[in-house]
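The values are calculated or read from the model by the stated rules, or taken from the named source; none is laboratory data. Computed from a predicted structure; not experimentally measured. Don't worry about glycine lacking a Cβ; one is built from the backbone with ideal geometry, like all the others, and counts go over all protein chains shown. These accessible areas exclude ligands, DNA and RNA; they are computed on the full protein's heavy atoms, side chains included. Shrake-Rupley method; radii C 1.70, N 1.55, O 1.52, S 1.80 Å.
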Amino acid sequence: MKEAEKRFGLNLSSYKPQRVKRRTELLLRKYNVGYREYLNMLIKDKKYLDEFMDKMTINVTEFFRNPEKWWELRDEIIPLIAKNSLRMKFWSAGCSSGEEPYSLAILVNELNLSYKTRILATDIDIGVLGRAQEGVYEERAFVSTPKEYLEKYFEKLPDGRYRIKDSVKKIVEFKRHDLLKDPFEKNFDLIVCRNVVIYFEPEAKNELYRKFAESLKPGGFLFVGNTERIFNYKELGFEIYKPFIYRKVE
């Protein structure tokens with residue numbers, strides 16, 4: 001897939017090779033083609049390229065995944081940030097179809113802090129960003145969502161799906177961004193990047209965490225997935241604030 005990387009500007013070299021190989025071979029078997037024929041399909045028809053991107057990136061998520069960690073954000077960390085910041089700037093990196101940044105936005109609304117908050121949500125996959133901006137979700141996305149949040153912040157559609165309300169959508173800004181090669185914005189109070197870097201090679205992981213540290217304000221927080229412990233956090237300028245929540249040393 002080196003030629004695919006070159007043609008489409010994808011940087012797959014930092015992903016675990018066995019994962020890229022396995023997912024590519026699944027697509028080859030699906031269409032009963034070889035690499036060269038499949039590459040031509042990607043070039044000629046955007047729907048195949050979108051599917052390829054969807055398989056290479058990680059798009060399985062839900063609202064308030066590992067809910068106890070989100071309640072720590074709601075009850076302690078976001079109020080602490082609000083106390084120390086006139087304007088709060090959050091980033092959901094690798095946001096997939098939007099459940100994560102919208103979860104953040106719901107908490108901000110619950111705390112009556114939307115007037116002072118900007119949430120940036122980025123992903124490399126244009127397809128999932130489109131779904132995120134649409135803001136319509138199947139019922140299975142809410143297994144960890146409190147009933148009162150579902151009733152307050154979503155509208156149930158005739159087909160049984162749910163659409164997020166504008167009061168939540170309006171503080172989230174979606175953009176395409178490649179974590180492995182695009183520049184990072186600075187001065188974030190909180191960066192949420194969960195269940196993304198587990199698919200990267202160790203060198204890419206370390207570089208990504210270093211860049212996150214540079215993008216945070218002193219005292220800012222990094223919230224990672226429950227399988228993504230950062231072993232060299234001290235070298236990167238972090239301290240452990242709570243399990244899987246790191247704070248940039250002031």
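If I take R0 = 45 Å and measure r between the Cβ atoms of Met41 and Glu185 in this structure, what FRET efficiency does the formula 1/(1 + (r/R0)^6) give, to the nearest 0.05?
For R0 = 45 Å, the calculated efficiency reads 0.80.
Can you list, largest first and rounded to whole Å, the semi-axes you get for the range 183-250 by taking the square root of 5 times each eigenvalue of its Cα gyration tensor?
17, 13, 11
Per residue, how much accessible area does the chain have with a 1.4 Å probe, in Å²?
Per residue, the chain has an accessible area of 50 Å².
Please give, to one decimal in nm, the separation of the simple spin-label points placed at Lys156 and Leu111, each 7 Å out from Cα toward the Cβ.
Each label point is offset 7 Å from its Cα along the Cβ direction, giving 3.0 nm.
Bin width 5 Å, origin at 0, all Cα-Cα pairs of the range 63-168: what percent of pairs per bin?
Each 5 Å bin holds this share of Cα pairs: 2, 12, 23, 25, 21, 12, 4, 1, 0.
Under the rule of at least 5 residues apart or a separate chain, name every residue whose amide H is placed under 5 Å from the amide H of Val192.
For Val192, the qualifying residues are Trp91, Ser92, Ala93, Phe223.
DSSP loop chymotrypsin sites (Phe, Trp or Tyr not before Pro) in the range 167-250 with at most 10 other Cβ atoms within 10 Å of their Cβ, which ones?
Within the range 167-250, the qualifying chymotrypsin sites (Phe, Trp or Tyr not before Pro) (loop, at most 10 other Cβ atoms within 10 Å) are Phe231.
In debye, nearest 20: dipole of the chain around its Cα centre with unit charges on the Cβ of K, R (+) and D, E (-)?
400
Given Cα pairs under 8 Å that are at least 6 residues apart, what percent is the relative contact order of the range 67-248?
21
Under the Kirkwood approximation for Rh and a Cα-based Rg, what ratio Rg/Rh is obtained for the chain?
On the Cα set of the chain, Rg over Rh gives 0.98.
Round to a whole number: what % of the accessible area of the chain belongs to carbon and sulfur, probe 1.4 Å?
Within the chain, the accessible surface is 49 percent carbon and sulfur.
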